[in-house]
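Colleague: Next up is a structure, given as structure tokens.
Read-outs throughout are calculated quantities, based only on the coordinates presented, and are distinct from any laboratory measurement. None of these values were measured; they are calculated from a predicted model. No Cβ is skipped: glycine too gets one built from the backbone with ideal geometry, and neighbour counts run over all protein chains shown.
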Amino acid sequence: MFSRNNIKLSKVFLKLDYRNSEDSGIRKLTGMIITYLFINTMLSLGNFQKFELNSFIFSSLTINLFLVGFVIVSDYADLFFSPKHSLALASLPIKEENIFVSKISSAFIYLSVYPLVVSFPPAVYVYFYNHSISESLLFVLISFLFSYFIIGFIFLVNSIIIIRS
């Protein structure tokens, strides 16, 4: 599945994903991480003060849904190639399956930062409820998997829309 060509092509797509008009895109990524940590910390603090544990977890996962969904829809809108771009890439001596696998793998690498960013602040507050590290780690695992479910679901919907268009 991951040939040498797929790895090289994934690296190219990652460079294009992180690319920014002024620099390598690291400042943009760092700025978004800091922003999401701050926003999620403030939202978690408000929910921690208002709700008991189960309601807090539900609201944290709902916030997780919106934050990860927002990143995908706004920052990574061109997740798949349009038919016009696919035709241009078809003239290259690369199999279409290699392009697809490389694009998906680069997207997952790029988007893997955000599940951790949206899971960490609420996990700290989950610890404050019962002072249990195991519950906090379980929340991180659940939130992380939920984020990947959201990413996968949006990938699916996006691919269905592109196939239909």
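Colleague: With each label point set 7 Å from Cα along the Cα-Cβ vector, what nm distance links Leu138 and Arg164?
Modeller: My value for the distance between the label points is 3.9 nm.
Colleague: Let me ask something else. Taking the square root of 5 times each eigenvalue of the Cα gyration tensor, what semi-axes in Å does the equivalent ellipsoid of the range 92-165 have, largest first?
Modeller: 35, 13, 8
Colleague: Can I ask one more? Relative to the present Cα-Cα distance, how much length would full extension add between Ile33 and Phe100 at 0.36 nm per residue of separation?
Modeller: In short, 21.4 nm is gained.
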